[in-house]
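> Encoded as structure tokens, here's the structure I'll be asking about.
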Amino acid sequence: MRFSAVQQKEIIEAGNGRFIGYIIDAEVCEKTGNILAFLVAEPKKFMSFIQGDEHVRKVLINDILVVGKDVILVKEISE
């Protein structure tokens with residue numbers, strides 16, 4: 001699967017159905033070339049475009065439960 005295809009999928013917490021955001025980048029192991037984690041940007045709130053702050057979360061590959069057609073289900077992510 002291409003990275004651009006993964007970036008278009010919504011990231012959803014499986015336990016509570018909460019929308020987390022979209023993948024913006026990946027963390028890759030320098031030695032093996034394997035993806036270790038995805039960096040996910042939270043959805044923008046109404047006035048956040050003025051502030052310019054973008055909160056990014058790390059979703060480990062081990063926390064991914066299902067990669068579906070439109071969404072990626074992950075375990076609960078701690079703040």
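The values are calculated or read from the model by the stated rules, or taken from the named source; none is laboratory data. Note that this is a predicted model, so its numbers are computed, not measured. We place every Cβ from the backbone using ideal geometry, glycine too, and count neighbours over all the protein chains shown. The protein model used for the area step is the full one, side chains on, heavy atoms only, and it has no ligands, DNA or RNA in it. Shrake-Rupley method; radii C 1.70, N 1.55, O 1.52, S 1.80 Å.
> Express in nm, to one decimal, how much length is gained between VAL67 and ALA14 on full extension, taking 0.36 nm for each residue of separation and deducting their alpha carbon distance.
17.9 nm
> Whenever you get a sec, compute what percent of the accessible area on segment 1-41 sits on carbon and sulfur atoms (1.4 Å probe).
About 50 percent, which is the carbon plus sulfur part of the accessible surface.
> So how far apart, in nm, are the two label points at LEU39 and ILE77 if each is 7 Å from Cα heading toward Cβ?
Going from the LEU39 label point to the ILE77 one covers 1.3 nm.
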